[in-house]
Amino acid sequence: MKQMALDIGLPTGPTLANFCAGPNLDALRHLELWVGASARSPVPTYLWGISGSGKTHLLKAAREGLREQGARVGWLDVNTLEPADYNESWAAVMLDDVHLYTAAQQHTAFNWFVNAQALQRPVLAAGEFAPVELQLRDDLRTRLGWGHIFHLQPLSEAERRAVLRQAADARGVFLSDEVMDFMLTRFSRDLASLMELLGLLDGYALQTKRAITIPLIKSMMDNA
């Protein structure tokens, strides 16, 4: 059976509290201090790693943390086709998936970066590659590489299983090894999607008054 990717989101949204750090504890601790600081250092932070390592989760979690404090941020990603001008009211600038930026988006990112530095505001950015390997304009690439840099690693198979097991236990749900194998081989393997899948399965199992088994998963997908 071909692996299926679920186009689903996190109901509560990404937060630092629900980020499963695994080998990325240093990056998580850095951002916890960064978000909680009364006066954030203007030194930029850059996160890099392959897809599924948690970069976007951490950026969105940091953005949410600042918003909870009443702060506004500038956000730019590859889907931002008409970015706003730099706003001096922004507490920080966040640049996601910089490795995919078009020339116009690179121009905006550089402009935001320069303005943020002039006002002593921090920049939090993420991309798939280390700064030296980014195919970006030189002035933007060098700025992304001079601050705090964290190389994020995806969770291992064992870590994903442990997180799923813990989440299932918290729900009072039993996941057999057979069901876990099925979830990890037939669906998108990033943790956010797996956790949402667990929530959907739990709801469907309660609705149908059945245990979570492979036939139940197939039934849920057939009726989706």
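The values are calculated or read from the model by the stated rules, or taken from the named source; none is laboratory data. What you see is a predicted model; the values in this text were computed from it and never measured. All Cβ positions, glycine included, derive from the backbone under ideal geometry; neighbour counts span all protein chains shown.
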**OP:** Evaluate the following for ARG63: is it surrounded by fewer than 13 Cβ atoms within 10 Å (Cβ to Cβ), closer than 18 Å to THR15 by Cα and at pLDDT 95 or above?
**Re:** no
**OP:** Working only within the range 48-69, note down all residues that are under 13 Å from PRO154 (Cα atoms) and either not in a helix (DSSP H, G or I) or not assigned by TED's automatic domain parsing to the domain that holds GLU133 (or both).
**Re:** TRP48, GLY49, ILE50, SER51, GLY52, SER53, GLY54
Original post:
Quick one: would you say ASN87 is at pLDDT 95 or above, of a type in the set (S, T, N, Q) and in contact with a strand residue (DSSP E or B) (Cβ under 9 Å, 6 or more places away or on another chain)?
Top reply: yes
**OP:** Please go through the range 179-224 and pick out each residue that is loosely packed, with under 13 Cβ neighbours inside 10 Å, among the polar types (S, T, N, Q) and either touching a strand residue (DSSP E or B) at 6+ places or on another chain (Cβ under 8 Å) or not in a helix (DSSP H, G or I) (or both).
**Re:** ASN223
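May I ask you to list the residues in the range 81-105 that are more than 18 Å from LEU31 (Cβ to Cβ) and crowded, with 17+ Cβ neighbours inside 10 Å?
So the first thing to find is which residues in the range 81-105 are more than 18 Å from LEU31 (Cβ to Cβ), and the list is 81-89, 99-105.
Of everything in the range 81-105, those that are more than 18 Å from LEU31 (Cβ to Cβ) and crowded, with 17+ Cβ neighbours inside 10 Å turn out to be PRO83, TYR86, TYR101, GLN105.
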**OP:** Name the single residue, out of those in the range 142-165 being buried (at least 19 other Cβ atoms within 10 Å of the Cβ) and over 16 Å from the mean Cα position of the chain (by Cα), that is nearest to ALA17 (Cα to Cα).
**Re:** LEU164
**OP:** Within the range 166-224, work out how many residues are among the charged types (D, E, K, R) and on the phi > 0 side of the Ramachandran plot.
**Re:** 1
**OP:** Return only the number of the condition from (1) over 21 Å from VAL43 (Cβ atoms); (2) within 20 Å of the chain's Cα centre (by Cα) that HIS107 does not satisfy.
**Re:** (2)
Original post:
List, please: which pairs have Cβ atoms under 9 Å, are six or more places apart or on different chains, and start with a residue in the range 149-164 that is over 20 Å from PHE182 (Cα atoms) and end with one that is crowded, with 19+ Cβ neighbours inside 10 Å and of a type in the set (Val, Ile, Thr)?
Top reply: ILE149/THR45; PHE150/THR45
Original post:
Do any residues in the range 39-57 that are farther than 21 Å from ARG189 by Cα have Cβ atoms under 8 Å from those of residues that are small (Gly, Ala, Ser) and assigned to a loop (DSSP other than H, G, I, E, B), where the two are at least six apart or on different chains, and which pairs are they?
Top reply: VAL43/GLY147; PRO44/GLY147; THR45/GLY147; TYR46/GLY145; TYR46/GLY147
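Answer with yes or no whether VAL114 is part of a helix (DSSP H, G or I), more than 29 Å from GLY199 (Cα to Cα) and modelled with pLDDT of 95 or more.
Values: part of a helix (DSSP H, G or I): yes; more than 29 Å from GLY199 (Cα to Cα): yes; modelled with pLDDT of 95 or more: yes.
Taking the combined requirement at face value, the residue satisfies it.
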